[in-house]
1. Return the inverse of the average 1/r over all pairs of distinct C-alpha atoms in the stretch A:165-281, which is the Kirkwood hydrodynamic radius, in Å to one decimal.
2. With a ≥ b ≥ c taken as the square roots of the eigenvalues of the C-alpha gyration tensor of the stretch A:195-246, please select rounded if a/c is under 1.5 and otherwise prolate if a/b is larger than b/c or oblate if it is not?
3. Give me the log10 of I(q) over I(0) for the stretch A:45-171 at q = 0.15 Å⁻¹, as the Debye formula computes it from C-alpha points; what are the numbers?
4. Given the C-alpha centroids of the stretch A:48-84 and the stretch A:112-171, what is the distance between them in whole angstrom?
5. Jot down the radius of gyration and Dmax of the stretch A:105-232, Cα atoms only, both in angstrom.
6. Taking the beta-carbon count within 10 Å as an exposure proxy, list B:Asp96, A:Asp301, B:Asp78 from fewest neighbours to most.
7. Just need the Rg to Rh number for the stretch A:1-52, please, alpha carbons only, Kirkwood Rh.
8. From the Cα trace of the stretch B:47-182, what convex hull volume per residue do you get, rounded to a whole Å³?
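Laboratory data are not the source of any read-out in this text; all were calculated from the coordinates shown. Predicted model only: the values in this text are computed from it and were never measured. Note that each Cβ is placed from the backbone with ideal geometry, even for glycine, and that neighbours are counted across all protein chains shown.
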Amino acid sequence: MQESWKPSADLKALRQRALMLERIRAFFVEKKVLEVETPLLCSATGTDPQLDFFSSFYHCEPKNKQMFLQTSPEFAMKRLLAAGSGSIFQICKAFRNAEVGRFHNPEFSILEWYRVDFTLDQLMDEVVELVAKVNGHPLNKVQKISYKNVFEQVTGLNPLVFCQQSYAEYADKNGIKDAVLLCEDDHSMWLDFIFSYKVQPSLESQMLCMVYGYPAIQSSLARINKQNPLVSDRFEVFIRGIEIGNGFFELSDVIEQEQRFDQENKVRKKKGLAVVIKDDKFLAALRSGLPDCSGVALGLDRLLMTVCSTESLADVIAFPFGRA
Amino acid sequence: MARYSTSEFKAGLKIMLDQDPCAIIENEFIKPGKGQAFNRVKIRNLSNGRVIERTFKSGESVESADVMDIEVQFLYSDGEFWHFMVPDTFEQYQADSNAVEAVVKWLKEQDICTMTLWNDNPISVVPPNFVELAVTETDPGLKGDTSGGGGKPATMESGAVVRVPLFIQIGEMIRIDTRTGEYVSRVKD
């Protein structure tokens with residue numbers, strides 16, 4: 001371990017990172033999207049049971065105040081949007097506890113941006129433009145495909161309608177038997193399992209693939225689709241099969257948002273996780289009115305991995321978790 | 001017994017799985033940004049050597065396996081058991097045929113092997129990377145041929161059959177790489 005003071009990424013990757021940041025900023029300057037900063041250390045956090053957060057205490061004896069490192073800048077940026085900022089972008093760090101691996105670092109860089117009055121489709125097009133800009137050349141092999149179509153093409157299963165028996169039969173026949181025991185009757189977990197093991201690897205041949213129309217049960221902070229209540233207005237960005245980012249046509253209905261928080265807190269309770277206090281300031285911002293907008297967040301470290309064609313985040317982060 | 005959380009998983013970790021001691025070979029953390037986290041793990045069953053793949057929900061924990069590797073000297077076989085000794089302490093272990101099955105053809109008395117113990121019982125033995133064995137049977141070679149091209153099968157004193165160069169004769173000692181089962185060189189006294 002004497003070598004652990006040294007960066008794990010080589011200088012070439014670090015230069016590429018600086019160039020990526022420069023190109024992103026130039027991209028948004030040209031489009032007149034305002035760069036903003038919001039707190040990393042926040043008084044509230046999200047309820048998503050799949051996101052494990054870091055928390056710490058602000059010392060003010062005897063009532064120390066619990067604070068959270070943001071898992072994404074989403075709530076704070078939406079407060080700016082509600083306050084009339086217009087389209088905005090941010091480059092910052094986000095933190096997710098207990099996520100370490102080839103594609104995960106507990107502290108990572110995010111590019112998140114919101115476009116007022118953009119449809120999800122317009123935003124997807126802008127993602128293509130931005131990724132091309134970061135790569136320094138136009139992209140060949142760009143695809144947009146619905147979640148239902150790509151899932152059906154690869155597995156023959158309908159992701160929107162849960163049938164435990166046919167999912168289990170598929171798992172049995174396709175070398176992912178463990179899914180049967182782990183997922184049981186949890187539709188969403190089944191989708192995560194099959195998508196991660198079977199669908200995502202099939203996207204490796206695509207330079208850039210955007211999968212839209214995620215099942216409504218995985219809507220997160222996206223609106224439910226107006227035409228089809230089984231899908232949400234959410235997309236994910238994959239570059240050579242690696243998940244790079246996630247976009248929404250943003251939910252602005254405060255009542256529905258609060259219901260989702262409550263629902264997620266119920267799941268947290270069931271899983272034995274601490275219940276999270278709902279972010280009042282965020283809800284108040286929605287109550288005052290969030291303009292129609294689409295937003296997306298890209299993981300910059302992973303994006304850099306794809307630009308540099310490396311195998312692991314450690315190749316593009318100077319000091320990843322093990323050396324931090 | 002201690003337990004390991006999936007977040008402690010890494011290559012080399014010894015865990016219990018389906019009542020057998022296993023060693024993790026490879027661990028991949030899989031998590032969709034907005035979804036369930038899994039650990040996809042490649043595991044070697046230390047009792048039978050088989051490699052399997054298993055997925056765990058991240059955050060689960062598994063029992064650790066009380067497994068350790070020791071250096072032992074092979075003493076002899078009585079036909080039913082293979083007897084080994086720790087050189088420093090003279091402590092002896094007897095391994096059954098299950099534990100030595102895969103390597104019995106490389107075992108030579110007095111060689112130092114690595115033995116894996118589970119709850120203090122031998123479950124597998126790894127011979128040294130190189131062993132020197134005498135040839136007990138092979139076709140007569142061509143005297144002049146020292147090129148080593150072609151080759152022929154030869155049976156060793158331990159019963160192993162190895163491809164050797166044509167010039168190797170019965171009674172000669174040869175050096176063999178036990179990891180590949182390949183002839184390395186002639187041993188000159």
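1. 16.1
2. prolate
3. -1.10
4. So the separation of the two Cα centres works out to 29 Å.
5. Cα radius of gyration and Dmax of the stretch A:105-232 are 16.6, 47 Å respectively.
6. So the ranking, lowest neighbour count to highest, is B:Asp78, B:Asp96, A:Asp301.
7. With Rg and the Kirkwood Rh in hand, the quotient comes to 1.15.
8. Numbers: hull volume 19.7 nm³, N = 136.
Expressed per residue, the convex hull around the Cα atoms of the stretch B:47-182 is 145 Å³.
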